[in-house]
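Note sheet for the following structure.
Please treat every number below as a calculation from the coordinates, not as lab data. In this text, all values refer to a predicted model and were calculated from it rather than measured experimentally. With ideal geometry, Cβ positions are generated from the backbone for all residues, glycine too; neighbour counts draw on all protein chains shown.
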Amino acid sequence: MRGKTISTVVMGKTAITSSNSNNSDSSVHRNVDVSSVSFEVHRTLTDINRRKRNVVVCGLPESSCNSSNQGCKRLGKLTDNNHKPRRLLDHLTSEQNVSSLLSDGRNLRRSDEPYIAQLVFINPDMSPTEAKLAFEKRAKNGLSVRH
């Protein structure tokens, strides 16, 4: 009897598992590049930990001066025809500061300034995959999907 080969995707890498039924001990051979899988796991965990100390502010108007502030940076390209402000990535010093800011950010909805109350949001820094899943969850639950 011929062996079978199973291809599995792990962290964006393909792992090939082959089983040879001719072998008396039915051993399983794995052709996995362990170092590249370890690297991807390490890179992903580092990215998650870095993002835990960041927030993304949406809707905050851009200033005309170019500040070289180390804690914040605008995301995306500035274009002449784009009337919507770019998102602002803010690097904070701790996860506790992020948690406090996210909690306090909900108070923006009660702002006396209509622009702030309607258009400025403070969100956790999510990976593209996390953001997509959060968007789909909001859409499924019928919640706002704007930001």
### Task
Towards the positive end of the charge dipole of the stretch 55-140, with charges on Cβ (+1 Lys, Arg; -1 Asp, Glu), say which of 105, 89, 119 has the farthest Cα.
119
### Message
Between residue 96 and residue 110, what is the label-point separation in nm under the 7 Å Cα-to-beta-carbon projection?
### Response
2.5
### Task
Using only C-alpha positions, report the orientation-averaged shadow area of the convex hull of the stretch 55-140, nm², one decimal.
7.2
